[in-house]
Amino acid sequence: MSTSEHSRSGNKLILAIVLSILTYWLFAQSFINISTPVQQTYHTTPGILNLSVSITSFATGIFMVGAGDISDKIGRLKMTYIGIVLSIIGSLLIIISDITALLLIGRILQGVSAAILLPSTVGVFNDQFNGKALRRAFSYLMIGSVGGIGLASMVGGLIATYINWQSNFILSILIATIAFILLLGTKEEAKEVIDKRPFDYVGMLIFAVLIGSITLFATQGFEQGWTSPFSMICLSIFVISTIIFYFFERCKHLPFIDFELFRNRGLMGSSVINFVLNSAVGITTVFNMYAQTELGLSSFQSGLVTVPYVIMAILMIRLGEKIAMKHGGKPMLLLGPAFPAIGIIFISLTILPSEWYIAAVTFGFVICAIGNGLCATPGLTVAILTIPDEKVGLASGLYKMSATLGGAFGIAMYTTIFAALQVSNSASVAAAWSMITGVALMIIGIIVAQIIIPKNIKA
C-alpha cells in the first residue's frame with residue numbers, strides 16, 4: 001500500500017471511530033435535555049422518566065470493564081462492530097413505539113453499546129497506529145468525546161425543538177451505519193493475548209443486580225411509596241446482593257473489583273472526586289426540566305445555556321495539567337469541587353426573574369467548568385501513577401467506572417428529589433432544593449479527598 005493510500009485508510013478509520021463514539025456522547029447523552037418531550041410521547045411517570053435518563057450511564061459503568069476484557073480476547077475491531085450494531089438497535093427501540101418497556105430496553109442497549117465502544121475503540125487505534133499517527137488518532141478521539149458530551153444538550157435540544165426528539169436517534173442510526181460501512185475492509189490486527197486468565201463475569205452480574213436494585217429503589221420509591229412492597233423488595237435485593245458480592249469477590253483470585261485497590265488512597269480519593277464531579281450532570285438535567293416546563297424555554301434554548309461550559313472546561317484542562325506538574329495533583333482535587341459548589345448555588349437561584357436567572361445559570365455553569373477542567377488530568381494521574389504497573393488496567397477501569405456511575409447517580413438523585421418535592425412544593429422550590437443538594441455533595445467530596453489522599457503524594 002502506498003503512503004497516500006495508507007493515509008487515506010487511516011483517515012477513514014479515524015472518522016469511523018469518531019462517528020461511532022458520537023452515537024453515545026452526542027446522541028444517547030442528549031436525553032439530559034429532551035426528557036420533557038420524551039415524557040409527553042410516552043405518557044410515563046416522572047420516576048420512569050428519571051430512570052430512562054440515568055439507566056444508560058449505569059449500564060455503561062457496570063459493563064465497561066467486562067467489555068474491555070472480551071475485546072482483548074475476541075478482537076477490538078469485532079467488538080467495535082458489535083457496539084455499533086447495539087447502538088442502532090437501542091435507538092430503534094426508543095423511537096419505534098410509545099411502549100415504556102422498549103424505551104428502557106433501548107436505553108440499556110445504548111449503555112451497553114457505550115461500554116463496548118469506549119474501550120474497544122481505544123484498542124483499535126492502539127492496534128492500527130503507532131507513534132505520531134497514534135497520538136493524532138487519540139487527539140481526534142478526545143475531541144469527539146469532549147465535544148460530544150459538551151454539545152449533547154444543545155444539539156439534542158436543537159433537533160427536538162425544530163424537528164422532533166426522535167430525529168436525534170434517527171440521526172444516530174445514520175451516523176452509526178456510516179461508521180459501520182467505513183470500518184468494512186479494516187483488518188483485525190492479530191495480537192498475542194498476554195493475560196489469558198478468566199474474567200469475573202459472575203461478579204460483574206452480581207454487581208449489576210446490586211446497582212440495578214438500588215437504582216430502582218431511588219428512582220421509583222417516591223411514586224411506589226418508600227415502604228411499599230416494591231421498594232422493600234428492591235432494598236432487600238440491594239442488601240443481600242451487596243453482602244453476596246463482598247464475600248464472593250473476597251474469595252476470587254481475580255475479582256471483578258479488586259478490594260486490594262481500595263487500600264490505595266490516591267486511587268480512592270481521586271475516584272471519589274471523579275464520582276462527585278460527574279454527578280453534577282444531574283444538575284443539568286434538572287435545570288433543563290425546570291426551564292422547559294416552568295420558564296417556557298425550548299429544548300434548544302435551555303441547551304444553549306451550557307455551551308460556555310464546554311469552552312471553559314477545555315481551556316481549564318490544559319491549565320490543570322500545568323498546575324499539577326508544578327504543585328502536584330492533590331491541591332487541584334481539593335480545589336476542583338469548590339468551583340461546582342459555587343456554580344450550583346448560582347444555578348439554584350430560581351427565585352430570580354427569568355432573565356436574571358438564565359444569566360445566573362450561564363455564569364454558574366462556567367464556574368462549574370473551571371473545577372471540572374482543573375481536575376481532569378490531575379485526577380487521572382493521582383489515580384494511576386501510584387498504582388503498580390500490573391494493576392494499572394484494573395485501576396483505570398475503576399476510575400472510569402466512578403465517572404459513569406457518578407453521572408448516573410447524579411441524574412437519578414437530583415431528578416428524584418426534584419420530582420418528589422414537587423408533590424408538596426412549587427417547581428421553583430423543588431428545583432432549588434434538589435440543586436442545593438449538589439453543594440453538600442461537593443463539600444463531602446472535598447472532605448473525603450482531604451482525609452483519604454496522602455499529603456505528600458507524588459503525582
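Structure notes:
- Over segment 79-208, the fraction of Cα-Cα pairs per 10 Å bin, rounded to whole percents and listed from the shortest bin up, is 11, 33, 34, 19, 4, 0.
- For segment 136-187, the C-alpha radius of gyration sits at 1.38 times the compact-globule guess of 2.2 N^0.38 Å, with N the residue count.
- Local electrostatic count, PHE248, Cβ distance below 15 Å [Lys/Arg +1, Asp/Glu -1]: -1
- Span from the segment 265-307 Cα centroid across to the segment 122-186 one, whole angstrom: 21 Å
- Cut-off 13 Å (backbone N to label point 7 Å along Cα→Cβ of LYS326), residues of segment 343-386: none
- The alpha-carbon atoms of segment 200-255, seen along their principal axes, cover 42, 14, 10 angstrom, with the largest extent given first.
- Across all directions, the average flat footprint of the convex hull enclosing the Cα atoms of segment 1-99 is 8.2 nm².
- Applying 1/(1 + (r/R0)^6) with R0 = 35 Å to the Cβ-Cβ distance of LEU184 and ASN164 gives a FRET efficiency near 0.65.
- Label-point separation in nm, PHE259 to ILE444, each point 7 Å along Cα→Cβ: 2.3 nm
- Out-of-range pairs (alpha-carbon distance over 30 Å; input LYS12/LYS322; LYS330/LYS400; LYS73/LYS326): LYS12/LYS322; LYS73/LYS326
- Convex hull of Cα atoms in the chain, direction-averaged projection (nm²): 21.6 nm²
- Within segment 264-459, the proportion of C-alpha pairs whose separation exceeds 30 Å stands at 22%.
- Within segment 67-102: backbone nitrogen closer than 18 Å to the ALA133 label point (7 Å, Cα to C-beta): 76-77
- Whole-Hz ³J(HN,Hα) from phi, Karplus 6.51 cos²θ - 1.76 cosθ + 1.60, for segment 107-122, glycine and proline x: 5, 5, 4, 4, x, 5, 4, 5, 4, 7, 5, 4, x, 5, 5, 4
- Ellipticity at 222 nm from helices only: DSSP H runs of n ≥ 4 in the chain, each -39500 (n - 2.57), divided by the residue count, give -27500 deg cm²/dmol.
Each value in this text was obtained by applying a stated rule to the coordinates, not by laboratory testing. Keep in mind that this is a model prediction, so the values were computed, not measured. Ideal geometry is used to build each Cβ from the backbone, glycine not excepted, and the neighbour counts take in all protein chains shown.
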